[in-house]
Amino acid sequence: MKTKTTTTAPSLIVRKAVIASFTSSQWRTVRRHAAETKAENARHGLTDEARVDVKVCNDPALEEAARIITAARADHYRLTVPAADRGMRLLPGARQLEHADTLQAHGVKFQAAVAQFLARYETLRADAPARLNGLYIASHWPDLDRVRGSFALSCRYLPVPALGQWDEWIAESASNATEEIRTRIGEALRAAAEKLADPKAIFRDSLVGNLVDILNLADDLNIAGDPAVADLVAQAKALANVEPDQLREDKTLRATTAARAADLCSLFSL
């Protein structure tokens, strides 16, 4: 079943969504060592094919900050769908408070990790010549204020542009949003169909949990009001209304669930 965005999709998006612009950055600790790179190329008779990179700092607070950025970005993508421009995401208005609270929670943890690292930075910089030995380069360790300014984790919310000269942008955004929600549901259904079809295959609770999660979000994420997506969600929800242990214990239920998931993938061309 092919997706067909309704003629009211642009006006729905203007009413139902906001643009969520996610920003993140941190101090770059993997740096190119020019002298070692030149020597390595010369050793192999090359010109610029080899690269020697040095991880100048491996403080655990930096690793924690990176982990938090990854988790925050994953939650941002989970609650949004893509717009026409790369990097922009459309956030359903009904999920804006959840999105803001989630990102704020990540932000608090991120700032705590950054503060821990910055408190140790001068000591780490002073110890770097001995620790890195011949790979130490002073310019890889800028002043504290410069390092502090390299960290960021935030999200800006903007209204979707009004109809008129933005018609084409909104129409393309509607198409992108619809295709992504179909893709996310399709991935969850295919995973369930493939894993459950093998009665001996071991699966995690997340196999069902991932499907439940996307279906719980789907009505809001279907910001273009696509009727085929709404139909898909309605039919798929029946599959998600089972507990993982039920599927493990009931072979018949497991087989019928796998077959139904595969049927939906075929019916909706997922």
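Tabulated results
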item: Condition met for P199 (in contact with an Asp or Glu (Cβ under 6 Å, 6 or more places away or on another chain) and without any contact (Cβ under 8 Å) to a residue 60 or more places away in the chain); result: no
item: Boolean, A66 is under 16 Å from F22 (Cα atoms) and part of a helix (DSSP H, G or I); result: yes
item: Residue in the stretch 235-247 that is within 30 Å of S175 (Cα to Cα), assigned to a loop (DSSP other than H, G, I, E, B) and open to solvent by less than 40 Å² (accessible area, probe 1.4 Å) present; result: yes
item: Answer from L132, L118, L124 - the residue that is free of Cβ contacts under 8 Å to residues at least 40 places away in the same chain, open to solvent by less than 60 Å² (accessible area, probe 1.4 Å) and under 30 Å from E36 (Cβ atoms); result: L118
item: Condition check for N210: open to solvent by 80 Å² or more (accessible area, probe 1.4 Å), without any contact (Cβ under 8 Å) to a residue 40 or more places away in the chain, in contact with an Asp or Glu (Cβ under 9 Å, 6 or more places away or on another chain) and not in a loop (DSSP other than H, G, I, E, B); result: yes
item: Qualifying residue in the stretch 106-115 (condition: in contact (Cβ under 8 Å) with a residue 24 or more places away in the chain, under 27 Å from T178 (Cβ atoms) and among the hydrophobic types (A, V, I, L, M, F, W, C)); result: no
item: Within the stretch 28-63, considering residues that are among the acidic types (D, E) and in a loop (DSSP other than H, G, I, E, B), the one modelled with the highest pLDDT; result: D59
item: Residues being modelled with pLDDT under 95, among the aliphatic types (A, V, I, L, M) and within 17 Å of the chain's Cα centre (by Cα) - total across the stretch 146-180; result: 1
item: Enumeration of residues in the stretch 231-261 that are touching a residue at least 60 places away in the same chain (Cβ under 8 Å) and among the hydroxyl-bearing types (S, T, Y); result: T257
item: Cβ-Cβ under 7 Å pairs, at least 6 apart or on other chains, the stretch 29-47 side exposed (fewer than 14 other Cβ atoms within 10 Å of the Cβ), far side in a helix (DSSP H, G or I) and not hydrophobic (A, V, I, L, M, F, W, C); result: T47/N41
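Residue-by-condition table, conditions (1) of a type outside the set (A, V, I, L, M); (2) open to solvent by less than 60 Å² (accessible area, probe 1.4 Å):
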site: I13; (1), (2): no, yes
site: K16; (1), (2): yes, no
site: I19; (1), (2): no, yes
site: M88; (1), (2): no, no
site: H99; (1), (2): yes, yes
site: H106; (1), (2): yes, yes
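To keep it simple, each residue is scored yes or no on (1) more than 30 Å from L90 (Cβ to Cβ); (2) hydrophobic (A, V, I, L, M, F, W, C).
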| position | (1), (2) |
| --- | --- |
| N222 | no, no |
| A228 | no, yes |
| A236 | no, yes |
| N241 | no, no |
| D250 | yes, no |
| T256 | yes, no |
| A259 | yes, yes |
| L264 | no, yes |
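The values are calculated or read from the model by the stated rules, or taken from the named source; none is laboratory data. Treat the numbers as computed from the prediction; the structure is a model and nothing was measured. In this analysis, Cβ positions are derived from the backbone assuming ideal geometry, glycine residues included, and neighbour counts consider all displayed protein chains. Keep in mind that these areas ignore ligands, DNA and RNA; they rest on the heavy atoms of the full protein, side chains included. Shrake-Rupley method; radii C 1.70, N 1.55, O 1.52, S 1.80 Å.
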